Amino acid sequence: MSHSASAAANPLLEDWAGPHGAPPFGRIRPEHFLPAFRQAFAGHAAEVAAIAESGETPGFDNTVAALERAGQSLTRVSSVFYNLASAHTNPELLEVETEVALLAARHWNAINMNAALFARVAALHAARATLSLSGEQTRLLERTYTRLQRAGAGLDEAARGRLAAINERLAELGTRFSHHLLADEQEWSLALAPEDLAGLPDFFVAAARAAAAERGAPGEAVITLSRSFVEPFLQSAARRDLREKVFRAFTARGDNGDARDNNAVIAETLRLREEYAALLGYPTFAAFKLADTMAKTPQAVAALLERVWRPARDKALADRDALQELIRAEGGNFALAPWDWRYYAEKLRAIRADFDDAAIKPYLTLDNMIAAAFDTAHRLFGLTFAPRADVPVWHPDVRVWEVSGADGRHVGLFYGDYFARASKRSGAWMTSLRDQHRLDGAVTPLIVNVMNFSRGADGAPALLSPDDARTLFHEMGHGLHGLLSDVTYPSLSGTSVFTDFVELPSQLYEHWQERPEVLRRFARHYQTGAPLPDDLMARFLKARRFNQGFATVEYVSSALIDLEFHSRPAAEVADVHGFERGMLARIGMPDEIALRHRPQQFGHIFSGDHYAAGYYSYMWSEVMDADAFGAFEEAGDVFDPVTAQRLREAIYASGGTRDPEAAYVAFRGRGPEPAALLRRRGLAGEKDEKQETA
């Protein structure tokens, strides 16, 4: 691969002249990235060196604010690169990513462990009460000091050197883990013969045909290892042998004993994380990681997870027995297995709640659910989304909207990339190509939502499952966290908050997706345009709690394994398979339920460390979101303007400018009530259920 692109011809190093400063994706090529990164790294290093070596007395403007201004070119290059590396990669970009991971680790080591820089920041931090700083400036100083201190800037030279080496190796391992996982997902597919289609809804078959056409096999039908294919297949396919085949392939990603096996990567990652934490004076990596979160300690996390685990497991075991009885009633002579659970749960739901996902899916078109998410944002926050066909994008599937406020002013651009494809890693996420800030004039955000939905075939619209629709609203909630950000400093913008707070805006937004006020308007049959019938909507809403024991067990077990991985000595978990089996036995994991993320494919915690010892965050935030939506219910209007304005100011607009507990109290008037989570999931005891209905 050529790396000879000159700066003059490199669009990554130019001022972007697209609408609202959008990146020129049509001109960007893989060979542009390494030269751009090298120049951006060098420029940023020089800017930081000037700050650290300044002869001026340390002040907020010449140190902390100066750090905020440094590295703008690197931020731009990085945001574009990592978006492409996740959403539309290719062999050339994967090669670049491997090299950039090491360069980036070395670059940030040099900055985050710069003793002279830390000395300036530490002096300001020690004198912060005398500096007459605003609340946001104080918060930025505290976060800057904490970031450098936790990176090891205050340690001696030998310890800093070892931390730097660990960071470089962890960067390599995280990239290797994600590349292994992507390769396994890209390579595997299952062609479906006509006799294999029994039980599969027409819209699923249409999506499978569209996937085959995309893979160069028009007229055939294939499923891939995208979760948006796997879960509906396990839910509907009548062929038990094929359900098992798909399930085993899905749960074996990264665990096939070949060159892409992730077990050794996991073991080394855990050893290095343990050493990193020890160098900083923490007994475990979990203790280190959680010290800078709302939870604060592994014990607090374990207490929440265990409180939810017991009732969830009891509910799942009762459901297991009911599913086994259903199998017997149908004449089956086999024991319920993990690849059977979703299939028979759908049958049981049809009996108990007179509802199945296939009945509502024709009413949940992708375009209508996007419109519903936008309309909800309009009714809550006054935002308007207008399509823009003139903004460059990285793939023809990507759509762009210009977002305006209630006053008509430009707020930002919103990119939506909704369909699964071989060039995209699995899952769903929000990211940004540019964050909002007002450091040197108003900078508006460029916000991205990425999903992996199955597309419709032959011009038919894409149809979403209830889970898909909820995912779309979830990521839109993250998107609004970025779009509505109203801060001065980039490091505090949007989603730059604690990991166990960042899921609150997204999970809270999910509540509106299943409101009758939204469904009546936007749930329309894809063929007739007829609205969702009232009786079907009532059955859907009634069925929401069905199978929550299963859903909670598969999530909490993954969160517990993550916590244990990072709480126990690395030597005890080096045998990843043995640890997994032992851990599941200790917690009493039902044999019929699989982890939502087995270790070898747990990208949340091993493709990087953002969610390492932090997968619990979704549930920690759910305590808050279940409680927070109650504010709208108590107001008697789920679009109550006074409550919405308070939500906007305290949660969505404030970014990381205030402590998250204070932000929540500013919205709700009190701390969250944990019982709200159990009630929402239908896992509360009789006392809590009576409280909910009172």
Can you give the three extents of the C-alpha atoms in the range 486-556 along their principal axes, from longest to shortest, in whole Å?
49, 32, 19
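Considering Cα pairs under 8 angstrom that are at least six residues apart, work out the relative contact order of the chain and quote it in whole percent. Write out the running numbers ahead of the final one.
On the way: 1097 pairs, mean separation 107.3, N = 694.
Dividing the mean separation by the residue count of the chain yields 15 percent.
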Under the Kirkwood approximation for Rh and a Cα-based Rg, what ratio Rg/Rh is obtained for the range 310-444?
1.16
P(r) of the range 147-220 in 5 Å steps, Cα pairs, percent per bin?
3, 12, 14, 11, 9, 8, 7, 6, 6, 7, 8, 6, 3, 0
Shape category assigned to the range 251-332 from the gyration tensor of Cα positions, a/c cut at 1.5
oblate
Site H20, offset 7 angstrom along Cα→Cβ, radius 15 Å on amide nitrogen, limited to the range 367-391, gives 374, 378, 382-391
Between their Cα atoms, which of K245/K296; K361/K424; K296/K424; K289/K347; K315/K361; K245/K424 are more than 32 Å away from each other?
K245/K296; K296/K424; K289/K347
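Just how large is the dipole of the chain about the Cα centre, in debye to the nearest 20, putting +1 at every Lys and Arg Cβ and -1 at every Asp and Glu Cβ?
Working: 75 positive and 92 negative charges, 83 e Å.
The dipole of the chain has a size of about 400 debye.
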Roughly what angle does helix 202-214 make with the longest principal axis of the chain, taking Cα atoms, 0 to 90 degrees, to the nearest 10?
50
Assuming a ≥ b ≥ c are the square roots of the Cα gyration tensor eigenvalues, decide whether the range 537-682 counts as rounded (a/c under 1.5), prolate (otherwise, with a/b larger than b/c) or oblate.
oblate
For the range 156-206, size of Cβ-based charge dipole, Lys and Arg +1, Asp and Glu -1, in debye:
380
Heads up, the chain by the C-alpha gyration tensor (a ≥ b ≥ c square roots of eigenvalues; a/c under 1.5 rounded, else a/b over b/c prolate, else oblate) looks rounded
Over the range 188-251, what portion of Cα pair distances is larger than 18 Å, expressed as a whole percent?
24
What nm distance separates the two modelled labels at A530 and D367, each placed 7 Å from Cα along Cα→Cβ?
2.1
Can you run phi through the Karplus equation (6.51, -1.76, 1.60; θ = phi - 60°) for the range 257-273 and list ³J(HN,Hα) in whole Hz, with x for Gly and Pro?
x, 10, 5, 9, 6, 9, 5, 5, 4, 5, 4, 5, 4, 5, 4, 5, 5
What are the ³J(HN,Hα) couplings of the range 21-28, residue after residue, when phi is run through the Karplus curve with 6.51, -1.76, 1.60 and θ = phi - 60°? Round to Hz, x for glycine and proline.
x, 5, x, x, 4, x, 9, 7
Nearest 5 is fine: what % of DSSP beta bridges in the chain come out antiparallel, could you say?
75
Given a Förster distance of 56 angstrom, what is the FRET efficiency for K347 paired with R169, based on the Cβ-Cβ distance and rounded to 0.05?
0.70
HN-Hα J in Hz across the range 165-179 - Karplus 6.51, -1.76, 1.60, θ = phi - 60°, x for Gly and Pro:
5, 5, 4, 5, 5, 5, 4, 5, 5, x, 5, 4, 4, 5, 5
Using label points projected 7 Å from each Cα along Cα→Cβ, tell me how many nm separate R328 and S134, to one decimal.
6.9
I'd like the distance separating the alpha-carbon centroids of the range 258-302 and the range 180-205, in whole Å.
36
Taking one equal scatterer on every alpha-carbon of the range 1-111, how large is log10 of I(q)/I(0) by Debye at q = 0.16, 0.19 1/Å?
-0.77, -1.00
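FYI, it's all coordinate maths here, none of it is from the lab. These numbers were taken from a predicted model, which means no experiment stands behind them. Cβ atoms come from the backbone with ideal geometry, glycine included; neighbour counts cover every protein chain shown.
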